[in-house]
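Inspection log for the structure reproduced underneath, given as structure tokens.
A short reminder: the numbers here are calculations on the coordinates, not readings from a lab. Treat the numbers as computed from the prediction; the structure is a model and nothing was measured. When we count neighbours, we look across all protein chains shown, and the Cβ atoms used for this are built from the backbone with ideal geometry, even at glycine.
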Amino acid sequence: MKILRNELKNELHIRTQKNFPQEGVEFIDIMPLIIQKDTFREIVDKFVEEIKDKHVEYIVGAEARGFIIGSAVANQLNIGFIPVRKVGKLPPITVEKQFSYEKEYGKDKMELPKLVNEEYAGKRLYIIDDIYATGNTMKAMKQAIEEVGGIVVGQAVIMNIKELNTANDVFSLIDIHEE
């Protein structure tokens, strides 16, 4: 793994695991960044700085690491957090449309929870996740949000794997190239 750009001041502790979650995949584990309190605080602070003037009403995060980062950012911004989960993992009150997407190592299907006493229409949302690889997870979340009338005002990740995508509209703290 070659680091192309790093916006974090603290030392990067990133693990990789060969053949996880399946044979032939090298999993990049950003959990050590979250485990270190100073690095985690820096990640949250940088995302808050990026988002604070965008008039966002909700942070949206996909399971599982998007929950950790997104909820911390939402807390700092004093706004709501919307968890996006695999089908059947949320309580039964979800928006009617589920969305499918393909990851580097298989297909998945996710769903959005219904908001409490309101609709997504016209709401300003910001998507946060841990890693942007093919981008299909974020693209699917964005499409699902827009289909129910929400407005995605931005997307952010801790790490962008540059050779797997051509994303120019995703805020990232670390850009890497897998070697």
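Looking at the structure I just gave you, is I82 β-branched (V, I, T) and in contact with a strand residue (DSSP E or B) (Cβ under 8 Å, 6 or more places away or on another chain)?
Judged against the criteria, I82 is a match.
Tally up the residues in the range 165-179 that are crowded, with 16+ Cβ neighbours inside 10 Å and outside any strand (DSSP E or B), please.
Summing the residues that are crowded, with 16+ Cβ neighbours inside 10 Å and outside any strand (DSSP E or B) in the range 165-179 gives 3.
Could you tell me whether the range 160-168 includes any residue that is among the charged types (D, E, K, R), out of contact with any His (no Cβ under 7 Å at 6 or more places or on another chain) and more than 12 Å from V60 (Cα to Cα)?
No, the range 160-168 has no match at all.
Any residue in the range 36-45 that is within 19 Å of I145 (Cα to Cα) and part of a helix (DSSP H, G or I)?
No, the range 36-45 has no match at all.
Mind listing whichever residues of the range 48-82 are more than 18 Å from I158 (Cβ to Cβ) and either assigned to a strand (DSSP E or B) or touching an Asp or Glu at 6+ places or on another chain (Cβ under 7 Å) (or both)?
Those that are more than 18 Å from I158 (Cβ to Cβ) and either assigned to a strand (DSSP E or B) or touching an Asp or Glu at 6+ places or on another chain (Cβ under 7 Å) (or both): Y58, I79, G80, I82.
Has the range 99-110 got any residue that is closer than 18 Å to I59 by Cβ and in contact (Cβ under 8 Å) with a residue 60 or more places away in the chain?
no
For the range 18-28, indicate whether the set of residues that are among the hydrophobic types (A, V, I, L, M, F, W, C), free of Cβ contacts under 8 Å to residues at least 12 places away in the same chain, surrounded by 15 or more Cβ atoms within 10 Å (Cβ to Cβ) and assigned to a strand (DSSP E or B) is non-empty.
Among the residues of the range 18-28, at least one is among the hydrophobic types (A, V, I, L, M, F, W, C), free of Cβ contacts under 8 Å to residues at least 12 places away in the same chain, surrounded by 15 or more Cβ atoms within 10 Å (Cβ to Cβ) and assigned to a strand (DSSP E or B), which makes the answer yes.
Among the residues of the range 105-139 satisfying the criterion of being charged (D, E, K, R) and within 28 Å of H177 (Cα to Cα), which is surrounded by the fewest Cβ atoms within 10 Å (Cβ to Cβ)?
The residue in question is K107.
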